[in-house]
Structures are given as C-alpha cells and as structure tokens.
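Student: There's a structure below that I have some questions on.
The values are calculated or read from the model by the stated rules, or taken from the named source; none is laboratory data. Just so we're clear, the structure is a prediction, and the values are computed from it rather than from any experiment. Positions of Cβ are generated from backbone atoms using ideal geometry, with glycine treated the same way; all protein chains shown enter the neighbour counts.
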Amino acid sequence: MKYIILVALLISAASMAFCQIDEAEEELAEYYMGGDREVGGFLHIKYQSGDIYNDVDGSGKLTVDDILDLGYFPIDKLSIGAMVKLGIWKTGLESSINTAIGPRIDYYIPYRIGSGYPYLHVGSLFATYEATDSKETHYEFGLGYSVPVNEYVSIVSLLYYSMDEIELVEATIVENGSRIGLRFGIKSYHF
C-alpha cells in the first residue's frame, strides 16, 4: 500500500510539474515566436585574462563597450542572429577603432523563473584592430535571463565565458586568452 501511495504522489507531482512547464511554454510562446525578428543593444562589461590581455604587472583588464544584437526566430524559442560591435579606445597618444561581427544562437528555455525566462547562448565574434593590425576570434557560451516588459520589449542579461585567440598580422604571432563577461540590454520583438 505504501508503494501505491508513493507512486500516486510521484505521478501527481510529475503531472503538476509538466502542467507548469506547459503554462510557461504557452506564456513563452507569446514573446519568442517563430517568424519574429528582434533587435537589441547590450552594455558589455568584461574581465579579460591570459597572455593577450594581461597588463605589464600580469593582471587582467576590465573593459566596457556596447554591442548591437540582431536576430530572427525561425521556430519558437530559437533565435539565430548576429552581434555587431564598434569600439573606440584611447590610451595616451594612441587611439584605435575596433570592429567585430559574428553569429549567435539563443535558445529560450520554456521554464519561468521569477518574472522572466532563462536562455542559452552560443556565439562568436571576429574582430579587427586598426592600431595594432591584429585580428581576434572569440568563441563564447553562456546563460542569459530575459524579462518581458510587454509583448514587444524585454530586459535581458547574459553571463558568458569566452575563449579568445589573437593574431598579430605583421609578426605572425598567435596568442590565447579568455574572458568572463556580463551583458545588460534591451531587446524588441514582433516587428
């Protein structure tokens, strides 16, 4: 009899969990539907370390820049898009413009946590730096959180890890590094 009651409780708990996931998936479908386009912007804060990022004293760098994010939902909850970054930095008498562009895929998990939805992120950025004549490749993956404000706008954040490689074109030197980054932004949907 104990086992019958235990099995009944487990089945009941599982069905309630699946009902919650179904409700979350229905709510999620209102925001991240197949056929929708998205556009957004991120404030990008990152800590960088490794041979390519360390200062003279061996410590890493903390930097801030912004990223434009464009995407399309070919199916519900899956966004495929591009990230575009334009950065300008100045140190002493030197200044440089760097540009980066790359693909990304975001998958919105159909499970509501608080007032938003988590999402998985995989992407890469390919950057060029004018002053140092170098090229960088960044492969990143992370976990994000999207809070719908209404059916058209969400506030988003993303915590990610990036494996990086820099190639100094003139010296034919390749060095590696890594980053941990945090992005905050706003995205717009349904247009």
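Student: Looking at the stretch 63-83, which of its residues are surrounded by fewer than 16 Cβ atoms within 10 Å (Cβ to Cβ), at pLDDT 85 or above and of a type in the set (Ser, Thr, Tyr)?
Tutor: Listed by number, the list holds a single entry, Tyr72.
Student: Determine if the stretch 44-62 includes at least one residue that is of a type in the set (A, V, I, L, M), surrounded by 13 or more Cβ atoms within 10 Å (Cβ to Cβ) and at pLDDT below 90.
Tutor: Yes.
Student: So Tyr145 fits all but one of (1) surrounded by 15 or more Cβ atoms within 10 Å (Cβ to Cβ); (2) part of a loop (DSSP other than H, G, I, E, B); (3) of a type in the set (Phe, Trp, Tyr); what number is the exception?
Tutor: Against the list (1) surrounded by 15 or more Cβ atoms within 10 Å (Cβ to Cβ); (2) part of a loop (DSSP other than H, G, I, E, B); (3) of a type in the set (Phe, Trp, Tyr), Tyr145 comes up short only on (2).
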